Amino acid sequence: MRYRSYALFISVICLLNGVATGQDHIAKKVDEFIRAEMESQHIPGVSLAVIKDGKPVIVKGYGLANVEHNVPVKPETVFQSGSVAKQFTATAVMMLVENGKVDLDKPIGTYLGDVPDTWAGITVRHLLSHTGGMTDYPDDFDYRRDYTEDELLKQAKEIPLAFKAGDRWMYSNLGYVVLGILIHKVSGKFYGDLLQERVFKPLGMTSARIINEADIIPNRAAGYRLVKGQLKNQAWVSPSINTTADGSLYLTVYDMIKWDEALSAGKLLRRSSFDEMCKPVKLNNGKIHPYGFGWAVREVNGKTVVEHGGAWQGFKAHIARFPENRITVVLFANLIQTNQYAIAHGVAEIVEPELKPKPVVDADAAFSARTKELLQAVLENKADLSRFTPNVQREITIGRDRIYDFVGSMGALLNFSLVERESAAGVDRYRYQLVYTGMNVFLELEVNKDGKISSFALQPE
């Protein structure tokens, strides 16, 4: 009996050692991958968390949080969120929906008061899913000026819509700025205060808060940009522009671990509400676009990934949740040119090899080559607009938003590959992944039966 017990004990120890050895091997490969990416992309610092089966398995800082003072990145290091914050704004809206204070399908004028006639058909759902027709901050927007919410709303009202609400999808920071104002008007509280009261404090997200560069923030990282190969400090923006609901949070990987746990356990919202946030939006024509409320919803080799990236003021951020694989990857970096999508997905592939995308055979390489040339012409504002339908021409000209300029600043195009193609009812739909030095982008376009491009949308990672 003693021998059998001892043998069982030895077997359990060997099994645990095998698990530990496997985890150590994965952690080592992740370390090597992160350090190689930091070197090739010239990233000062990275903070990483990998959560598997509900438990953090990697929580680590790499490089420098502050180059001038030689301060290393730690898991406690505070980074800016960029548009990763949109999922928090969407959560605040859904809390108001559950409280009966907001109806997703009511016009936003119900909550904002007097709005332009062109906004009459825009609902809360449209703003959450980037289908309201709003574009983005205008080209002459002054990021160094302090604005009140009323002034920001006035500016938004003056910008022409790119399309009728629900007709198309177009990423709109401005739409989320308007959502923050809507939250304030409905709840009587600044959206950041509402998040602090109903999300951050209950979850123990002790570092999470609205950006405030005047306050003393322990462990705050500095943001950087590369200018002609030289590292420079982040560009300054006014305090009010760092408080809008499109992406203005301070976060750590510890905060995001608690956030991921809350999402998995349904701590903040009913499961039906979170499912609504992660459901791809249906357009007026019945077609589906892979974006919910503050979350992009995609697949990798048939496995779901719910994710969002962020970019702002010298920082990049990403969270990718693979629910069927029970894996979440959270990444922060303090260089605006960081390709955070590529790094986050690269880490996921190391942890779970089946998440490495399988190549798609491109049966019409000539069309893809022409599309690549067309995209470059659009980015340079030199495209032959006769190739597009009138609606898309309007989007590219009047509806042009910051993503075109932003993509153009992200360095060389390293890869342009087809990831999906389908044909139905005389319409050919293509989806390409564009890998730039500093970001990944998806290009979705449709060609109608007349050979005109009837949809042309860039979607950030």
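The values are calculated or read from the model by the stated rules, or taken from the named source; none is laboratory data. None of these values were measured; they are calculated from a predicted model. All Cβ positions, even for glycine, are placed from backbone atoms using ideal geometry, and neighbour counts span all protein chains on display.
The residue of segment 217-249 that is nearest to the chain's Cα centre (by Cα), among those that are of a type in the set (Gly, Ala, Ser) and crowded, with 20+ Cβ neighbours inside 10 Å, is Gly247. If you check every pair at least six apart or on different chains, which have Cβ atoms under 8 Å apart with a residue in segment 344-364 that is among the aliphatic types (A, V, I, L, M) first and a residue that is in a loop (DSSP other than H, G, I, E, B) second? Filtered contacts from segment 344-364: Leu355/Asn301; Leu355/Asn325. Summed over segment 108-146, residues that are closer than 20 Å to His184 by Cα, of a type in the set (Val, Ile, Thr) and either surrounded by fewer than 20 Cβ atoms within 10 Å (Cβ to Cβ) or touching a residue at least 60 places away in the same chain (Cβ under 8 Å) (or both) total 3. Considering segment 410-461, and only residues there that are under 20 Å from Glu373 (Cβ atoms) and acidic (Asp, Glu), the residue that is nearest to the chain's Cα centre (by Cα) turns out to be Glu444.
Only residues that are crowded, with 24+ Cβ neighbours inside 10 Å and either at pLDDT 95 or above or polar (S, T, N, Q) (or both) were counted across segment 147-173, and they come to 1. The residue of segment 308-349 that is nearest to Gly82 (Cα to Cα), among those that are among the hydroxyl-bearing types (Ser, Thr, Tyr) and in contact with a Lys or Arg (Cβ under 7 Å, 6 or more places away or on another chain), is Thr338.
Testing Lys282 on (1) without any contact (Cβ under 8 Å) to a residue 12 or more places away in the chain; (2) of a type in the set (D, E, K, R); (3) under 22 Å from Val46 (Cα atoms), one condition comes back false. Which one is that? Unmet for Lys282, out of (1) without any contact (Cβ under 8 Å) to a residue 12 or more places away in the chain; (2) of a type in the set (D, E, K, R); (3) under 22 Å from Val46 (Cα atoms): (3).
Looking across segment 342-380 at every residue that is more than 27 Å from Ile319 (Cα to Cα) and small (Gly, Ala, Ser), the one that is surrounded by the most Cβ atoms within 10 Å (Cβ to Cβ) is identified as Ser368. Does segment 119-131 include one or more residues that are under 16 Å from Glu395 (Cα atoms) and outside any loop (DSSP other than H, G, I, E, B)? Within segment 119-131 (the criterion being under 16 Å from Glu395 (Cα atoms) and outside any loop (DSSP other than H, G, I, E, B)), the answer is no, since none of the residues qualifies. Selection of segment 298-310 for residues being out of contact with any Ser or Thr (no Cβ under 7 Å at 6 or more places or on another chain) and touching a residue at least 12 places away in the same chain (Cβ under 8 Å) yields Val300, Asn301, Lys303, Thr304, Val305, Val306, Glu307.
Residues that are assigned to a helix (DSSP H, G or I), of a type in the set (A, V, I, L, M), at pLDDT below 95 and more than 16 Å from Gln433 (Cβ to Cβ) do not occur anywhere in segment 347-363.
Segment 135-252 holds no helices (runs of 4 or more DSSP H) entirely within its bounds that carry 3 or more residues that are on the phi > 0 side of the Ramachandran plot. Only one of the numbered conditions (1) surrounded by fewer than 22 Cβ atoms within 10 Å (Cβ to Cβ); (2) outside any loop (DSSP other than H, G, I, E, B); (3) within 26 Å of the chain's Cα centre (by Cα) is not met by Leu104, and that is (2). Where residues in segment 246-285 are of a type in the set (Ser, Thr, Tyr) and in contact with a Pro (Cβ under 8 Å, 6 or more places away or on another chain), which of them is farthest from Ser129 (Cα to Cα)? It comes out as Tyr254. Scanning segment 281-322 for residues that are of a type outside the set (A, V, I, L, M, F, W, C), touching a helix residue (DSSP H, G or I) at 6+ places or on another chain (Cβ under 7 Å) and within 30 Å of Leu231 (Cα to Cα) turns up His308, Gly309, Gly310, Lys316, His318. Selection over segment 211-258 of residues that are without any contact (Cβ under 8 Å) to a residue 60 or more places away in the chain and within 20 Å of Trp295 (Cα to Cα) gives a count of 2. Within segment 447-457, one or more residues are of a type outside the set (Phe, Trp, Tyr), in contact with a Leu (Cβ under 7 Å, 6 or more places away or on another chain) and modelled with pLDDT of 75 or more. The residues on offer are Ile34, Ile43, and the sole one that is at pLDDT 95 or above, surrounded by 14 or more Cβ atoms within 10 Å (Cβ to Cβ), aliphatic (A, V, I, L, M) and assigned to a helix (DSSP H, G or I) is Ile34. Of all residues in segment 179-203, those that are more than 23 Å from the chain's Cα centre (by Cα) and touching a residue at least 40 places away in the same chain (Cβ under 8 Å) total 4. Return yes when Val93 is at pLDDT 95 or above, farther than 21 Å from Ile211 by Cβ and either in contact with a helix residue (DSSP H, G or I) (Cβ under 9 Å, 6 or more places away or on another chain) or not β-branched (Val, Ile, Thr) (or both) and no when it is not. The answer is no for Val93.
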